[in-house]
1. Relative contact order (percent) for the chain, with alpha-carbon contacts under 8 angstrom and 6 or more residues of separation?
2. Measure nothing but the geometry: give the 0 to 90° angle between the long axis through the Cα atoms of 45-58 and the longest principal axis through the Cα atoms of the chain, rounded to 10°.
3. Tilt of helix 3-27 relative to the longest C-alpha principal axis of the chain, in degrees (0 to 90, nearest 10)?
4. For the stretch 1-28 and the stretch 109-141, what is the centre-to-centre distance using only Cα atoms, to the nearest Å?
5. From the backbone phi of the stretch 81-96, what are the Karplus-calculated ³J(HN,Hα) couplings (6.51 cos²θ - 1.76 cosθ + 1.60, θ = phi - 60°) in whole Hz, Gly and Pro given as x?
6. Working from the alpha-carbon coordinates of the chain, get Rg over Rh, Rh being the Kirkwood radius.
7. To the nearest µm²/s, what D does Stokes-Einstein give for the stretch 45-89 at 20 °C and 1.002 mPa s, using the Kirkwood radius over alpha carbon pairs as Rh?
8. Ranked by Cβ crowding within 10 angstrom, fewest neighbours first, how are ARG27, ARG87, ARG117 ordered?
Amino acid sequence: MNWGTKIIIGMLTFMTFIIVLGVLMFRSHDDALVETNYYEKGLNYDEEYAAKTQVGKDQASPELTISKGNINILFKTIAKGKIRLTRTDSKSSDTTIQFYTPTRKLHIKTTGLPKGRWHLINSWENAEGTKYLRDEEVDLP
């Protein structure tokens, strides 16, 4: 086999590789986006930013403790809102929890959730209606 034949075989192999990748790309229907409604979230970013900065202004950051099978959150005041636990590797295991804390304490069972790194997005408002937002990475044991 001479060098010209090897070049042709190499080019055909590379072209086949590129064609297969192109076909796989067009056949894939699920996007790798974390949020499906990213455009709407972009429009509401000012509200999210204001809620995040309000946590620092009012020193309203809740205390978060994680133990085996539990997430405990202690708010500074009575709070009402929702918590989203998301994973980047599996959208099917994402969960949302609505809550109201008349005792300022929130107890979340994590026994059904897989171990590992989670993104905890906590959005709540106090009794006066001030909105807060805090997101952080947590490791579930």
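1. 21
2. 40
3. Taking Cα atoms only, the helix is inclined about 30 degrees.
4. 47
5. x, 9, 10, 10, 10, 10, 10, 6, 8, 8, 5, 5, 8, 5, 9, 10
6. My calculation of the ratio gives 1.27.
7. 169
8. The order, fewest Cβ neighbours first, is ARG27, ARG117, ARG87.
Values in this text are rule-based calculations from the coordinates and carry no lab data. Predicted model, so just to flag it, every value in this text is computed and none were measured. All Cβ positions, even for glycine, are placed from backbone atoms using ideal geometry, and neighbour counts span all protein chains on display.
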